[in-house]
1. Given (1) in a helix (DSSP H, G or I); (2) hydrophobic (A, V, I, L, M, F, W, C); (3) within 11 Å of RNA strand B (Cβ to nearest atom); (4) open to solvent by 10 Å² or more (accessible area, probe 1.4 Å), where does residue A:780 come up short, assuming only one miss?
2. Within segment A:670-701, can you find the residues that are assigned to a helix (DSSP H, G or I) and open to solvent by 10 Å² or more (accessible area, probe 1.4 Å)?
3. Which numbered condition trips up residue A:366, out of (1) surrounded by fewer than 20 Cβ atoms within 10 Å (Cβ to Cβ); (2) within 15 Å of RNA strand B (Cβ to nearest atom)?
4. For segment A:826-845, which positions are open to solvent by 10 Å² or more (accessible area, probe 1.4 Å) and either within 17 Å of residue A:899 (Cα to Cα) or within 29 Å of the chain's Cα centre (by Cα) (or both)?
5. I'd like the full set of residues that are near RNA strand B (Cβ under 9 Å from one of its atoms) and surrounded by fewer than 24 Cβ atoms within 10 Å (Cβ to Cβ), limited to segment A:316-336.
6. Which one is farthest from residue A:961 (Cα to Cα), of the residues in segment A:903-928 that are within 44 Å of the chain's Cα centre (by Cα) and in contact (Cβ under 8 Å) with a residue 40 or more places away in the chain?
7. Would you check if residue A:789 is within 11 Å of RNA strand B (Cβ to nearest atom), surrounded by 14 or more Cβ atoms within 10 Å (Cβ to Cβ) and in the same structural domain as residue A:894 (by TED's automatic domain parsing)?
8. Considering segment A:938-950 alone, what residues qualify as being surrounded by 14 or more Cβ atoms within 10 Å (Cβ to Cβ) and either under 15 Å from residue A:960 (Cα atoms) or at pLDDT 85 or above (or both)?
Amino acid sequence: MTDTQSQPANRYDAALADKIETRWQQWWDQHQVYKQPNPGEPGFDPSRPKFYCLDMFPYPSGAGLHVGHPEGYTASDIICRYKRMRGFNVLHPMGWDAFGLPAEQYAIQTGVHPEVTTRTAIDNFRRQLKRFGFSYDWSREFGTIDEDYYHWTQWIFLKLYNAWFDPEAGNGRGRARHIDELVEEFYTGKRRVRLNPNAAEYTGAGDLPDGTDAGEWSSLDSETKHAIIDSYRLAYLSQQTVNWCPKLGTALANEEVIDGKSERGGYPVFRKPLRQWMFRITAYADRLLDDLANLDWPESTKTQQAEWIGRSEGAEIDFPLLDLRGEKSGESLRVFTTRPDTIFGATYMVVAPEHPIVELTMELPHPETDENALRSYVQWARNRSDIERQENKEKTGVFTGVYVINPATRKKIPVWTSDYVLMGYGTGAIMAVPAQDTRDWEFATKFNLPIVRTVQPPQDWPDDQPFTGDGPAINSDFLNGLSVAEAKQKIIAWLQQHHIGARRVNYRLRDWLFSRQRYWGEPFPIVFDPRGQHHPVAEDKLPVRLPRLTDYQPAESDEPTPLLGKATDWVHTTAAEAGVADLPPDTPVRRETNTMPGWAGSCWYYLRFCDPKNSNRFASREAERYWMVTPELSVEPEEVHDSGTFQPHTQRVGGVDLYIGGAEHAVLHLLYARFWHKVLFDLGEVSTPEPFHKLFHQGLITSHAFQRADRSLVAIDEVENRGTDDKPAYFEIKTNQPVTQIVAKMSKSLKNVVNPDDVIASYGADTFRLYEMYMGPLEASKPWNTRDIVGLHRLLQKIWRLCINEDGSLRLTETHSPDTEKRLHRLVAKVGSDIERLSFNTAIAAIFEFVNDTDIMTRVQTDWFVRVIAPFTPHIGEELWHRLGHHDKGSVAFAPWPVHDEKLLVDDEIEIPVQILGKVRSKIIVPAKADPKALEAAALADPRIAELIEGKSVRKVIVVPGKMVNIVAN
RNA sequence: GCCGGAGUGGCGGAAUGGCAGACGCGGCGGAUUCAAAAUCCGCUUCUGGAAACAGAGUGGGGGUUCAAGUCCCCCCUCCGGCACCA
């Protein structure tokens, strides 16, 4: 590549920027400059350390990139470029999160197939990203909708389907094992044959799961065997209450339902039980919680995950149920409580409206049951969305007519049902202790239920308030006088001794609902036989391809009907065709018609990037190990962890070295990915227990908008400034009312969305990159201010003028300036350390200062300077690099980062402030290495200081060598 | 309500307990120009002062320290997340 035929203009402007940028982008593409070979491939250098830097891949929408995308992407690009110059093998890939609801909705609106709209959006995103000059290895690009990608998404699903969680394995932390090993243990009698006692789908069933030995494995019929095995699988089918919208023909996420109506269209939404695929993520709750400690993640994100998991310690207690005649029935109602110490104050019980006991009571009413009231309440509660429940917290409920015995007081207490008790948490039933719980207090006062204090409140405590704090137990028999903590210990021991309760840990985290009724997602590799039993598709029959539907309009229906049901030829097939080994080949089978949710594809894409073209495995073991394991953090095992044998003391640690993306994914995506990764780790498929070692969230790029006195928002084009730039006075044009400028999210309605293409057209990509990095700290949310961009463009103009003459030749001097040299070494040191700590705004400020103070440089100095700016502004960097004569030596991307001389970083003489009583009164110039005595003497000898302390007595002189002198004199 | 994070000039922001406001934008003044754009130079926290300089100053109030934007306590505001989780 030569640049002789097109001499650029003398000035660096948008046109020149465009010419330089497009030229080098083409050149990078042609020469595959950023292609990073894997171990064993030609050009791979095993002597270099590795660095895996990942951006959260985008969801390509029809609207194209917005200015928020390039923020994190520019940051990671700078780091990757810097790391390459520091001699790292850098894995820096990009791809597309392309299945999911928005694409499908867009397709329905436009009438164009989602495959087409999505591919178009991807092409547009790729074009836009390339225009920024990001150094992605595009040879690794893929989309989650690619068949040879979702092939492995389905394969991972099967891994979870064919796995169970053994709580005793893995040194007591629990570990996933192959389902065959469970069957083997049942068969040999090593393990009691019974339903999984931790199976979420059976909680609330009172005393059902525990203590139900199923007997000899070999004596069981196949249905029972299936039921037992399925209760252990990490992927299982379960009846779940969902927000069903008949008009849209799909279940909706909670955030898509507003006031009981769908967000889109405003159609009514009902809560309906639906059979759905679930993941037993709750089995991993403790490990997901504990392992946060080892991660280099923002504390806020770790906290959010910890709270999402919501571990709470307490006890499960059985309350004996009374039958129709008021006698002990032998059954009991099980509750979870964190305050077993308050059991003597449990004056009534509350169960969720969905609790089995409610259903049972409606069928077999007790003498005091008001059947109609109960029925209508349950009906009403069932149709209430979660959002309605949140909005109106006024307690509601009805008495079921059922009584239980409080095992501590031996008194008969009533069982109520109320929607403030949630079926999904604990056992779906509580013992209500109004005196020590705010919610129970509200309920008890509303329905006139008895309140007995069992913790002594402080003396001045109001009578009309519950007391939830610590204090001595009262009215509690053998617990009286004990503190809350002591009472808990004692009552749990008592409960266990009498076999009516046990210590128990509960989690806020629920099992993960994984089915959608939508079209645009990964099909499940599952079929159903004529008896309704599910079977996995054999691994070598993957992928199960998403059929191409021409009619992807959702069907309006009262009954949930997944869209894939329309693909009748695809749905109805045979065991042989589908690849089910354990059925006779000609057995008619029905394919699973639900699809996976949008999260599926993003759960493991970081693994595929290690080896994206592999058709035998999701990634080769060698590639996965090379990119994911951080040797300096790992204890190298004697034997590699391939076999699935857990080796707690030799495990490799690592994961993606730096993962940059928005904080909005703090919980769901990052938790789901960690879960899948841990399962794959347990099964010996990956080498590290965690997927992402270091995580960083870039801040939100916001914009300006205007606010009326009533706090409503006004779009920016409806406002004018009737003041000056310095003292602005904004008015709404229509009403002539003053409005105030505020910072708001970019949104179409506020007309404050910035399109990156426009900015690049006006200034070029290098300016755009600099601007976004200069706005402020990467993690902070910052308002976009178009006016400020020009400052960064001017910096590039200055850089251009500093290096290029009016006639287009290189501008160099033979005269070596020691001052320039010193400042250049400081620049190298400052920019390098600022990049390491992701402080790009201060690095750019240092470049500003250097350029402002520099007239001309030698060839060697210019060569260094170009390397320093190249990570930030790769196009102008590459242009200058080649003009410096590096034609044949390749890209500046692989030029070594300059090595500064530490000696040039310190001055011989420095100016330090002299304070009197903490106020700066003078400054003195002293040798940098002056000792405290010399500094004190110099300070006291300063004429101004001498004048000011005249007549005062110097009580103390504090000297901080190299920093300052403070004289205490009065 | 609970959990995070943040409040510094007209604006974006800088500052391992050690000169608050680096750097950029905007503004003001000047140079260049027939003129303008662009460019270059100077000034730009507030108050008083021609200046030297003095005083005040990092959301508010207290405290620790020779020294606090930074550490501690209380309060206010804004942003983000969660929210009847027993």
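1. Looking at each condition in turn, residue A:780 falls short on (1).
2. A:672
3. Result: residue A:366 passes all but (2).
4. From segment A:826-845, those open to solvent by 10 Å² or more (accessible area, probe 1.4 Å) are A:826, A:829-830, A:833, A:836-839, A:841-842, A:845; that's our starting set.
A:826, A:829, A:830, A:833, A:836, A:837, A:838, A:839, A:841, A:842 - these are the residues of segment A:826-845 that are open to solvent by 10 Å² or more (accessible area, probe 1.4 Å) and either within 17 Å of residue A:899 (Cα to Cα) or within 29 Å of the chain's Cα centre (by Cα) (or both).
5. So in segment A:316-336, the residues near RNA strand B (Cβ under 9 Å from one of its atoms) come out as A:335-336.
Selection gives A:336 alone.
6. A:904
7. yes
8. Answer for segment A:938-950, where residues must be surrounded by 14 or more Cβ atoms within 10 Å (Cβ to Cβ) and either under 15 Å from residue A:960 (Cα atoms) or at pLDDT 85 or above (or both): A:938, A:939, A:940, A:942, A:945.
The values are calculated or read from the model by the stated rules, or taken from the named source; none is laboratory data. Remember, predicted model here, so these are calculated numbers, not experimental data. Don't worry about glycine lacking a Cβ; one is built from the backbone with ideal geometry, like all the others, and counts go over all protein chains shown. Just the protein is used for accessible areas: all its heavy atoms, side chains included, with ligands, DNA and RNA removed. Shrake-Rupley method; radii C 1.70, N 1.55, O 1.52, S 1.80 Å.
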